[in-house]
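Engineer: Take this structure first; my questions come after.
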Amino acid sequence: MAATTAHMPLSVRIAPVTSFQGWRAEARRLLARGVPPERVEWDDGSGQLALGPGAAPAAADAAADDAQVAAEAPVAAEAPVAALAPAHGGSTRVPRAFLETARRVACHRDAGRWALLYRLLWRLRQEGSALWEVSGDPDVHRARALEAAVRRDVHQMTAFVRFARLEEDGVERWVAWYRTDHHIVELAAPFFVERFRSMRWSILGPEVSLHWDGETLGLGPGVPGRDAPRSDEMAALWRAYYRATFNPARLRVKAMVAELPVRRWAALPEATEIAELVRGAPARADQMRTPAPRVLPVLQLPDDRSLVALREAARGCQGCDIHRNATRTAFGEGPSDARLVLVGEQPGDQEDLAGRPFVGPAGKVLDGVLTEVGLSRQSIWVTNAVKHFKWEPRGKKRIHSRPSQREIEMCKGWLLGELEALRPEAVVCLGASAAQALFGKTFRLTRARGRVFHTSWAPISLATYHPSAVLRADSEAHAADVRAALRDDLARVAELLGSARRVTG
Ligand code: URA
C-alpha cells in the first residue's frame, strides 16, 4: 500500500538528534510513517532548526506527534545494500556506501546534515539506489562534500595532536589538547589506540576528551584550552624533530602550507621554526651540494658508569651520524636488579618519539610472547644495540634503515655499560644485529638461534628471532612459525632462570 500523508500534521518536529544512531532511529520511524522530508524539522541540538525544502511552518506538537510513531523495526543489513526500515509494505534498502557516508556526515557540524541525510534516504527510496551514483545531484554532491570535510578533519587530528609527557605519582601519562573542526573525536580514536596502545594518554578537547589507560578507552567531558597541559621539553623535541626532518632541497612552500594549514600553527610547537627554515633553505640546499670534510666522531662515556649516569650521558650522544635525524635517545629501561636483559636492534618510529625501547608494534609482539612464557616485562631490562633511530623518508613515513657495522660498534659502548652495571644472569639478543653486536660479526642466527652460550656478558646468553620478524613474515603460517620459535627460546630462558633461582636461592 502506498504511503499517504493527507492526515498528517503540516510539519513534524523531532527531539534534538546528536548522533548517527539517533538520526537513524528517527529516520526509521519517519519512513515507516511515510513522512516526506519537507515536512520534517530536524534539530541538531545546536539551537538551529533545519527544515526540508518547501517545508510548512511548524504546526505539529512534538508530543502528540510522538504518540503516532510506529514501533522501531530491526535492521537487516547486507552488502552492497542495507535495509534501513520497513516502510509501508516492505523494507527500504539503501546502498551500504550511503550508510557509510552518512555515518561520517553525521559527525559534521552543519546543522542541516540530518535534513540532508533524510532527504537523501527518502529519495533513494523513491528514485532507487542508482541515485547514489549521480555525483552531480546537489544532495549527493553535498553529502560527499561534508564527508570529505570530516575525513580531512580526522586526518588532521591524527597528524597534529601533540602530546606532553606528565608524571603523577610516578605514573607516566601523555596528554594533548586539540580542537577538532567537527565531531570526529570518536572516529579518530582507533588511530590513537592502535598507534599508542602501550602508553597511557588523554586527548582533551573543548567539547569532549578521550582517555586511554592501556586497556580501555573512555570519553570524558571537555576541558577549556586555557587548562591545556604544556611541556617545554616536548615542545623542544617537536622543534628538534621538525628541524631534523626538514629537507631544504625539497622545500615546496605551497605543498607545505596545504599539509600544515596555517590555522593549525598556533597549536604546533614546531611551527615557530618554519619561517626561519624557509628563509635559510636556499643557502642550506647549496651547502648540501658541497660535501663537508669528514670528521670521525667519538663516543663519550661518562666516568660514572651507573645506569642513571649512562642514561643521562646517552641523551646527548653524537657518537655517529644517526643522532642527527633522531628525536630522542631510547636508552634501556627496567629495574637495576634485572636478571634478564633483552637486546633489540635499534628504536623504531614510536620508540624514537617516546624515547623508550619496544613500545611500538614489535614491542606488542614481544609483550605478548613474554606474557605467554610467564616472564614479566617489569622485571626485565629491555634495550637496543643502537640507541637512536636510523631511518629514511618514504613519502610521509619514516622507514627503518639498518645501522651499519660501524654505527653498531660505536654504540656498543652504551650496551656494554648497561651490561656491566646490571651483571645479568641471562642476555637474549633479539635478531641478527643485536647478536652480532654482542657475539661477533661471524655469528649467524640461522645456525645458532636458540643455543645457550656462556659469555662474558652472562652465564645464559642466547640469540633468537626479532619480534618484528613475526610482523614482516610473508604468510600467516610463517609468522606463526617465527613466533613459536621466539616463544620457545624465551620459555627456555625462563626455565633456566627458574632453575637458577631454585639452586641459588
Ligand atoms: N625494534 C627494535 O629492535 N627495538 C625497538 O626498541 C623497537 C623495534
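The values are calculated or read from the model by the stated rules, or taken from the named source; none is laboratory data. Since this is a predicted model, take the numbers as computed values, not measurements. Cβ sites come from the backbone with ideal geometry, for glycine too, and all protein chains shown count toward neighbours. Keep in mind that these areas ignore ligands, DNA and RNA; they rest on the heavy atoms of the full protein, side chains included. Shrake-Rupley method; radii C 1.70, N 1.55, O 1.52, S 1.80 Å.
Engineer: Of the residues 266, 228, which single one is under 18 Å from residue 156 (Cβ atoms) and buried (at least 16 other Cβ atoms within 10 Å of the Cβ)?
Structural biologist: It is 228.
Engineer: Related question: Can you tell which of 342, 415, 375 is crowded, with 16+ Cβ neighbours inside 10 Å, part of a helix (DSSP H, G or I) and more than 19 Å from the chain's Cα centre (by Cα)?
Structural biologist: When all the criteria are applied, what remains is 415.
Engineer: Does any residue of segment 385-394 turn out to be more than 15 Å from the ligand (Cβ to nearest atom) and over 30 Å from residue 158 (Cα atoms)?
Structural biologist: no
Engineer: Quick check on segment 433-443: of everything there that is in contact with a strand residue (DSSP E or B) (Cβ under 8 Å, 6 or more places away or on another chain) and open to solvent by less than 40 Å² (accessible area, probe 1.4 Å), which residue is nearest to the ligand (Cβ to nearest atom)?
Structural biologist: Taking the candidates together, the pick is 434.
Engineer: Separate question: Which numbered condition in (1) within 14 Å of the ligand (Cβ to nearest atom); (2) over 17 Å from residue 327 (Cβ atoms); (3) surrounded by fewer than 24 Cβ atoms within 10 Å (Cβ to Cβ) is the only one that residue 398 fails?
Structural biologist: So residue 398 meets the others, but not (2).
Engineer: For segment 151-195, give me each residue that is in contact with a strand residue (DSSP E or B) (Cβ under 7 Å, 6 or more places away or on another chain) and either among the charged types (D, E, K, R) or in a loop (DSSP other than H, G, I, E, B) (or both).
Structural biologist: 161, 162, 163, 165, 172, 173, 178
Engineer: Assess whether residue 386 counts as being closer than 18 Å to residue 463 by Cβ, touching a strand residue (DSSP E or B) at 6+ places or on another chain (Cβ under 7 Å) and among the β-branched types (Val, Ile, Thr).
Structural biologist: no
Rundown of residues vs (1) touching a helix residue (DSSP H, G or I) at 6+ places or on another chain (Cβ under 6 Å); (2) of a type in the set (Gly, Ala, Ser); (3) more than 14 Å from the ligand (Cβ to nearest atom), yes/no style:
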| position | (1), (2), (3) |
| --- | --- |
| 377 | yes, no, no |
| 410 | no, no, yes |
| 423 | no, no, yes |
| 445 | yes, no, no |
| 457 | yes, no, yes |
| 460 | yes, no, yes |
| 464 | yes, no, no |
| 468 | yes, yes, no |
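Engineer: Here is a follow-up. Of all residues being basic (Lys, Arg) and more than 9 Å from the ligand (Cβ to nearest atom) in segment 322-356, which is nearest to residue 235 (Cα to Cα)? Just the residue, please.
Structural biologist: Step by step, filter segment 322-356, then rank; the result is 328.
Engineer: On to the next question. Would you be able to tell me the number of residues in segment 316-327 that are part of a loop (DSSP other than H, G, I, E, B) and open to solvent by 40 Å² or more (accessible area, probe 1.4 Å)?
Structural biologist: Total meeting the criteria: 2.
Engineer: Follow-up. Out of 301, 277, report the one residue that is surrounded by 12 or more Cβ atoms within 10 Å (Cβ to Cβ), part of a loop (DSSP other than H, G, I, E, B) and in contact (Cβ under 8 Å) with a residue 24 or more places away in the chain.
Structural biologist: 301
Engineer: Give me a count of the residues in segment 455-487 that are closer than 19 Å to residue 344 by Cβ, open to solvent by 30 Å² or more (accessible area, probe 1.4 Å) and within 36 Å of the chain's Cα centre (by Cα).
Structural biologist: 6
Engineer: Determine, yes or no, whether residue 366 is within 12 Å of the ligand (Cβ to nearest atom) and in a strand (DSSP E or B).
Structural biologist: no
Engineer: Out of 452, 386, which single residue is open to solvent by 20 Å² or more (accessible area, probe 1.4 Å) and among the β-branched types (Val, Ile, Thr)?
Structural biologist: After applying the criteria, what remains is 452.
Engineer: With of a type in the set (D, E, K, R) and open to solvent by 60 Å² or more (accessible area, probe 1.4 Å) as the only criterion, which of 181, 169, 153 stands out?
Structural biologist: 169
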